[in-house]
């Protein structure tokens, strides 16, 4: 099946099994980047909902956004199976985040997708416009290591080596969009998170 128009490069969902092996404790990732129970959180490019479920368990309210309606159906089924109901599922392009939300959110979380965004400053501007003044944007990225070195269940995994971004490359791509880097979180074995806050308008 063809990918939807606007699908970011190198962001396909993994085969069953290794996602769980790579992220056995997704809640710990969410707490580390600063998500808390009083927040409305956007899970941007949410995919099949591996992080969405844990965000919904942790946060007050969640809006899961993905361009692929089939992946959103899988995410919705995951939450229904776990009897979690505080999530809205929205099919749409990440660049249109402000229009898709209609109101500012406390937190935008994006995991394993930013490396494939063609126009990263444009996406950062969209996120900036969708955040409350004290909001946060967390990007979870693969470290800039050769793909053959990032093995999961004995096989190389993750995006192609040339798509991977160092923390500095991520910061340099995001800050022109009106966001300020505030901290980096190490997420072993292969990831880091860069956390940003919106600059004053």
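Points worth noting:
- Hey, residue 96 closer than 27 Å to residue 122 by Cα and touching a residue at least 60 places away in the same chain (Cβ under 8 Å) or not: no
Here's the yes/no breakdown for (1) within 15 Å of the chain's Cα centre (by Cα); (2) closer than 25 Å to residue 52 by Cβ:
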| residue | (1), (2) |
| --- | --- |
| 123 | yes, yes |
| 154 | no, no |
| 182 | no, yes |
| 194 | yes, yes |
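Every residue, every condition in (1) crowded, with 21+ Cβ neighbours inside 10 Å; (2) modelled with pLDDT of 95 or more, yes or no:
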position: 109; (1), (2): yes, yes
position: 119; (1), (2): no, yes
position: 122; (1), (2): no, yes
position: 131; (1), (2): yes, yes
position: 155; (1), (2): no, no
position: 169; (1), (2): no, yes
position: 175; (1), (2): no, yes
position: 179; (1), (2): yes, yes
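- Scanning the stretch 154-191 for residues that are in a strand (DSSP E or B) and more than 20 Å from residue 121 (Cβ to Cβ) returns 155, 156, 183, 185, 186, 187, 191.
- Hey, residue 199 surrounded by 17 or more Cβ atoms within 10 Å (Cβ to Cβ), more than 27 Å from residue 22 (Cα to Cα) and in contact (Cβ under 8 Å) with a residue 12 or more places away in the chain or not: no
- Count - residues of the stretch 130-181 that are at positive phi and touching a residue at least 12 places away in the same chain (Cβ under 8 Å): 3
- Scan of the stretch 184-193 for residues that are surrounded by 13 or more Cβ atoms within 10 Å (Cβ to Cβ) and farther than 16 Å from residue 113 by Cβ, ordered by number: 184, 185
The values are calculated or read from the model by the stated rules, or taken from the named source; none is laboratory data. None of the values given here were measured: they were computed from a predicted structure. All Cβ positions, even for glycine, are placed from backbone atoms using ideal geometry, and neighbour counts span all protein chains on display.
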